[in-house]
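K.L.:
The structure that follows is given in the form of structure tokens.
The values are calculated or read from the model by the stated rules, or taken from the named source; none is laboratory data. None of the values given here were measured: they were computed from a predicted structure. Neighbour counts are summed over all protein chains in view; Cβ atoms, including those assigned to glycine, are modelled from backbone coordinates with ideal geometry.
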Amino acid sequence: MLYRIADLVDWNRAQQTGFFASSDLAAEGFIHSSERSQILETARRYYTGRPELVLLEWDEDTLAAAGVRVEREWVEARQEHFAHIFAPVPLAAVRRHWAFGPDLADEFTLPAGL
């Protein structure tokens, strides 16, 4: 499974269109996503102070079956490979989603059951 921390606005738009897309797809040509072990550091670096978030869980096999290219690319700033999604994500690939935001101390924790 792959994970995406997303703005609630983008998630709501996906509910209407049937596909998840975000500004990074238009700007960079891919949607950033993470492995489970990368979620909290990504949240800390890029989403602190943003309460209107959702965490999406994507099934990589469903993405492949839909013809959506996924590549793990080296990110120098993090010294890790990250999965990049090179097309809008069909809702059929979204297995689960959770409200996701920082607590009162501006810290993130993984949702129960993840």
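K.L.:
Being within 23 Å of Ala92 (Cα to Cα) and of a type in the set (A, V, I, L, M) is the requirement here; does Leu40 meet it?
P.N.:
Considered against the rule, which asks whether it is within 23 Å of Ala92 (Cα to Cα) and of a type in the set (A, V, I, L, M), Leu40 comes out as no.
K.L.:
Could you identify the single residue in Ala93, Ala64 that is modelled with pLDDT of 95 or more, under 13 Å from the mean Cα position of the chain (by Cα) and not basic (Lys, Arg)?
P.N.:
Sole residue among the options that is modelled with pLDDT of 95 or more, under 13 Å from the mean Cα position of the chain (by Cα) and not basic (Lys, Arg): Ala93.
K.L.:
Follow-up. Can you tell which of Val54, Val75, Val9, Val89 is β-branched (Val, Ile, Thr), under 23 Å from Leu110 (Cα atoms) and without any contact (Cβ under 8 Å) to a residue 24 or more places away in the chain?
P.N.:
Val75 is the lone residue from the list that is β-branched (Val, Ile, Thr), under 23 Å from Leu110 (Cα atoms) and without any contact (Cβ under 8 Å) to a residue 24 or more places away in the chain.
K.L.:
Looking only at segment 66-83, decide whether some residue is of a type in the set (Lys, Arg), in contact with a His (Cβ under 9 Å, 6 or more places away or on another chain) and farther than 15 Å from Arg4 by Cβ.
P.N.:
Yes, the conditions are met somewhere in segment 66-83.
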